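A short write-up of the structure that comes next.
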Amino acid sequence: MRLNIIVRDEAKETVFCKIDLIPSDASTFGERITVYCNGQHEFDLLPGEYGVEIYKGNLYVPIKDTVRMERQDVLLEFRLKKLVDTKSLGLYSFDAHSHVSRNENTSFANLEYASTVMKGEDFNFFFAGSPYDRETHIQEQNQSYDETNVTWPESLTGKE
């Protein structure tokens, strides 16, 4: 069965957001599923009861609901309510210290996905910082240096 979720803002436009889906019996169905999306997402689910939580940063009222999946597909539509319009006050939100992977081989760790997360968290600006994944983070690589493979500037060696 499919659970289709559509999330809109007060102007009835689909809005980027974070959707958490929580199976009522996590021991049977697994743990919480978190998805950042453009306001529309489809889940393929087993029968059962699920908690649905919708978030968009800290300036929207979170939504919490439950859905029971039985024999047919379900369509849920939600409307997020903004607490305050910060842009009208001249205030902009940003993430100046993010750790975004640049590994294009994964479905979630790339700049396109980071952009979806940024919009889902309601950031106006986003600085893609150093990644924390083993494939691209130099501190995770076992590298050693000695004097034979490092060229030191003469000003540091005292040699002329």
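Add +1 for every Lys or Arg and -1 for every Asp or Glu among the other residues with Cβ under 10 Å from the Cβ of D9, and state the total. Each step should come with its number before you reach the end.
On the way: positive: R8, K12, K56, R79, K81, K82; negative: E10, E13.
Neighbourhood net charge equals +4.
What nm value, rounded to one decimal, do you get for the distance between R79 and M1 when each label is placed 7 Å out toward the C-beta?
A separation of 2.7 nm, rounded to one decimal place.
How large is the translational diffusion coefficient of segment 2-79 in µm² per second when you combine the Kirkwood radius over alpha carbon pairs with Stokes-Einstein at 20 °C and 1.002 mPa s? List each step's numbers first, then the result.
Numbers: Rh = 12.8 Å.
The calculation lands on 168 µm²/s.
Using a 10 Å cut-off around each Cβ, can you sort M69, M1 from fewest to most neighbouring Cβ atoms?
Working: M69 17, M1 14.
Listed from fewest to most nearby Cβ atoms, that is M1, M69.
Would you mind computing, in nm to one decimal, how far apart the modelled labels at D25 and E13 are, each placed 7 Å from Cα along Cα→Cβ?
Each label point lies 7 Å from its Cα, and together they span 4.3 nm.
Straight-line reach from K56: which lysines have a Cα under 16 Å away, not including same-chain ones fewer than 8 places off?
K12, K18, K64, K81, K82, K87, K119
Read-outs: derived from the displayed coordinates by stated rules, not from any lab. A quick note: this is a predicted structure, and the numbers were derived from the prediction, not measured. Here Cβ is always computed from backbone atoms with ideal geometry, including for glycine, and neighbour counts include all displayed protein chains.
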